[in-house]
1. Among (1) surrounded by fewer than 19 Cβ atoms within 10 Å (Cβ to Cβ); (2) under 30 Å from Arg216 (Cα atoms); (3) of a type outside the set (Phe, Trp, Tyr); (4) in contact (Cβ under 8 Å) with a residue 60 or more places away in the chain, which single condition is Glu180 missing?
2. Looking at (1) touching a Ser or Thr at 6+ places or on another chain (Cβ under 6 Å); (2) buried (at least 22 other Cβ atoms within 10 Å of the Cβ); (3) over 26 Å from Ser152 (Cβ atoms), which is the only condition Ser312 fails?
3. Which one is farthest from the chain's Cα centre (by Cα), of the residues in the range 40-76 that are farther than 29 Å from Glu329 by Cα and of a type in the set (S, T, N, Q)?
4. Looking at Asp332, Asp261, Asp254, can you tell me which residue is surrounded by fewer than 19 Cβ atoms within 10 Å (Cβ to Cβ) and within 20 Å of Met125 (Cβ to Cβ)?
5. Taking helices (runs of 4 or more DSSP H) that do not extend beyond the range 286-360, which have at least 3 residues that are within 13 Å of the ligand (Cβ to nearest atom) and closer than 21 Å to Thr48 by Cα?
6. Within the range 1-28, how many residues turn out to be modelled with pLDDT of 90 or more and surrounded by 15 or more Cβ atoms within 10 Å (Cβ to Cβ)?
7. Filter the range 38-74 down to residues that are within 16 Å of the ligand (Cβ to nearest atom) and assigned to a helix (DSSP H, G or I) and give me whichever is nearest to Leu119 (Cα to Cα).
8. Can you run down the residue pairs with Cβ atoms below 8 Å, 6 or more apart or on separate chains, where the first is in the range 296-322 and on the phi > 0 side of the Ramachandran plot and the partner is more than 12 Å from the ligand (Cβ to nearest atom)?
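The values are calculated or read from the model by the stated rules, or taken from the named source; none is laboratory data. If you're wondering where the values come from, they're calculated on a predicted model, not measured in any experiment. Quick reminder, even Gly has a Cβ in these numbers, built from the backbone with ideal geometry, and neighbours come from all protein chains shown.
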Amino acid sequence: MVDYDLERLWGERFRLALAGREPNMWRYRELLPVEHAGSVVSLGEGWTPVFQVPGLAARLGVRELWVKDEGVNPTGTFKARGAACGIARAAELGIGDVALATAGNAGEAWACYGAPIALRVHVAMPADAPEANRLQCRLYGAHVIDVDGLISDAGRVVEEMAAERGWFDASTLKEPYRIEGKKTLGFELAEQFGWRLPDAVIYPAGGGVGLIGMWRAWAQLRAIGLLEGDWPRLIVTQSEGCAPLVRAFELGLDEAPPWPDAETIAHGLRVPRARGDFLVLRAIRETKGTAVAVPDRLIVEAMGELGRRGVSASPEGAATLAAAMRLRERGDLGNEDRVVLINTGSAGNYDEAVAIVTPRRL
Ligand SMILES: *Cc1c(COP(=O)(O)O)cnc(C)c1O
């Protein structure tokens, strides 16, 4: 009897089908949870460029250094992926109001994707979140709730208000669809690198959803026989001002205790308690990756370094370059490594950080 690997054949058919599809994240629709193509509001999310920055690999002393530039997504961050998917599913489920706690960027993305279908979006953000985020949310017609505290406090506010008013709570990892959207980051990297991933991928983790998403994406591609070669080492970076995942990794813990007095210029990384901590830690360990914290001073320097090379990076995105430098120094990256930095967002909304990078000359 001949034994066919049907799942493998499925992967091959999928690969061939991709050739004729639109360059956005919905090209992976068979592996996404949205049931009807008509539920999707596409504003051009996904299929972001991945490129080598001239001179940077040599400066670092690695074989290749790639930047996956998520800053060109609608609203300027990779949050567009989760929002596009989450909003499409909310529409399919007949939900009229969604609420979420956000450091700023997720709220902006959900507000943007809710706007074309007139879904009411309620966004709770720390009062010291970037003003640009707050204004953009209003521009898209969202209801903004200022919370005196951190994102975890905003989470509690959303939970209470959602229960009281019947809103759908779409905060990080409270609904299953956001991570499915972020998974497309992993599909894209695999496809863009010809179904064989580089040696290491550095990701700036807040809640870590993007990292869990990539891990999940690659497991799915493997299951259908589409991904060759070894797993890339998944590397997490955080700011020294809020590094619960890094500390937990270093201590060999399976969960990350909350980080007291979280403070960093990279607002997206200011998540003192990550709901998916155990998954992030497992992803790092299973892929033989690592974790490293970097000070805000080096994050801002890296932002300047990328800017001078033509790459607009948010502090979160720039943290990956600062991390790469540290990891090269301590030997966790070698001169033969091919490395990908996930630039999760552009510098667009970060006036405060940009002002530090570019002091006015007298
Ligand atoms: C939200 C965010 C992050 C962190 O993403 P998680 O999925 O919470 O780990 C990183 N960078 C930027 C620009 C963000 O907006």
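1. Of (1) surrounded by fewer than 19 Cβ atoms within 10 Å (Cβ to Cβ); (2) under 30 Å from Arg216 (Cα atoms); (3) of a type outside the set (Phe, Trp, Tyr); (4) in contact (Cβ under 8 Å) with a residue 60 or more places away in the chain, only one is false for Glu180: (1).
2. Unmet condition: (2).
3. Once the filter is applied, the top-ranked residue is Ser42.
4. Going through Asp332, Asp261, Asp254 in turn, the sole match is Asp261.
5. Answer list for the range 286-360: 315-329.
6. Qualifying residue count, the range 1-28: 7.
7. Ranking the qualifying residues of the range 38-74, first place goes to Pro74.
8. Close Cβ pairs satisfying both conditions: Gly310/Val53.
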